[in-house]
Amino acid sequence: MTLATATRRSTKRASGGGAERRPADHGAWFLVLPALIPILVLSVGPLLYGIALAFTDSQSGRTQSTQWIGVLNFQDLLHDTLFWDSFRIGLLWAVGVTVPQFLLALGLALLLNQELRLRWLARALAIIPWAMPEVVVGVMWRIVYNPDAGILNETLRDLGLGDGRDWLSGLATALPAVIVVGVWAGMPQTTVALLAGLQNTPRELHEAAAMDGAGAWRRFRTVTWPALRPIALAVTALNFIWNFNSFALVYVLTNGGPGGRTRLPMLFAYEEAFRYGQFGYAAAMGCVMVALISVLLAVFLVGRLRGGEDA
């Protein structure tokens, strides 16, 4: 056996090629299957079925068979002003919740990362909203916003700031009131993620910056924020998706009212499917929402990543 032949064989073994690689591959697929099967059955399967349903005239209670109608549902969506109004409201809601949610969570995470007395208690109290189901949160805040005996209006009356108002039924106050609840309910998980990032930042870097005369803001800008940037990017993107796809919280608080001022796209699609029985049309709405949000999210992520590289 020549030196060249031996070299090729050793290189082939090192790269895992040939028949020696196949048993490892089969074993890896066998280990992945328990996690892959639920994803295929519960996520990929319904997604593909929903996409196919969008090209049909599927309706509830029909005696005739469902027909393939091509892109007719999407053509109707282009001229549906109510849907695009709900999409605009959904973007306002998602941005209005995600931005304050991140800023407040960042401030809370920085506070909880300090050496404070009873810090463990403060951390436990900070995640209470995260442990509450959205329906419970919605019912609780309906009581807070109650126009007659709600805590908010009673406080305003005691302070002499007016007789209060019906926050969830007012055309001008419904969406801001719901956004406040969304920020309160979603802030804990963002705080936990940012706090984990802060705790993984080496203290030696802060001490070195302090010895160089850097103030608190400069230490945050040069040490803390670069370490938090990847986590902040991921958390912001996920929060935007979750907030845009919100359903239960807004449904319990306002059911899309008053006058559609809080009718998010998910609520609009839900009404089309389960109130009016237009399954195909509702599926087309879902496809459009997924496509548009994917584009917006891709633009956001590319911009943030390029900004991180430039920095």
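The values are calculated or read from the model by the stated rules, or taken from the named source; none is laboratory data. Since this is a predicted model, take the numbers as computed values, not measurements. Neighbour counts are summed over all protein chains in view; Cβ atoms, including those assigned to glycine, are modelled from backbone coordinates with ideal geometry. Side chains included, ligands, DNA and RNA excluded: accessible areas come from the protein's heavy atoms. Shrake-Rupley method; radii C 1.70, N 1.55, O 1.52, S 1.80 Å.
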inquiry  = Can you give me the % of accessible surface on segment 195-311 that is carbon or sulfur? Probe 1.4 Å, all protein chains present, nothing else counted.
reply    = 61 percent
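For the ranges 247-256, 143-152, 41-50, what's the packing order if you count other beta-carbon atoms within 10 Å of each residue, average per peptide, and put the highest first?
Values: 247-256: 19.4, 143-152: 14.9, 41-50: 11.4.
Those peptides, ordered most packed to least, come out 247-256, 143-152, 41-50.
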query = Label-point separation (nm) for residue 275 and residue 225, each offset 7 Å from Cα along Cα-to-Cβ?
reply = 4.4 nm
remark   = Karplus-derived 3J(HN,Hα) from phi for segment 95-112 (6.51 cos²θ - 1.76 cosθ + 1.60, θ = phi - 60°), whole Hz, x at Gly and Pro, runs 5, x, 8, 5, 5, x, 4, 5, 5, 5, 5, 5, x, 5, 5, 4, 5, 6
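What is the gain in length, in nm to one decimal, between residue 184 and residue 69 on full extension, counting 0.36 nm per residue of separation less the C-alpha to C-alpha distance?
Working: separation 115, 0.36 × 115 = 41.40 nm, distance 4.37 nm.
The span from residue 184 to residue 69 would gain 37.0 nm if fully extended.
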inquiry  = Could you compute how much accessible surface residue 206 exposes when probed at 1.4 Å, giving the result in Å² to the nearest 10?
reply    = 50 Å²
remark   = Distance in nm between residue 299 and residue 104 label points, each 7 Å along Cα→Cβ, equals 2.8 nm
inquiry  = I need to check one value: relative contact order of segment 126-243, counting alpha carbon pairs closer than 8 Å and at least 6 residues apart, in percent.
reply    = 22 percent
Most fluctuating residue given options 278, 67, 189, as computed from a GNM of the chain linking Cα atoms under 10 Å = 67
remark   = Between the modelled labels at residue 59 and residue 115 (7 Å from Cα along Cα→Cβ) the distance in nm is 7.1 nm
Heavy-atom accessible area per residue - segment 47-168, 1.4 Å, Å² = 64 Å²
query = Given the convex hull over the Cα atoms of segment 219-311, what projected area results after averaging over all orientations, in nm²?
reply = 7.8 nm²
ask   = Once amide H atoms are built 1.01 Å from N in the peptide plane, which residues 5 or more positions from residue 56, or in another chain, come under 5 Å H to H?
value = 69
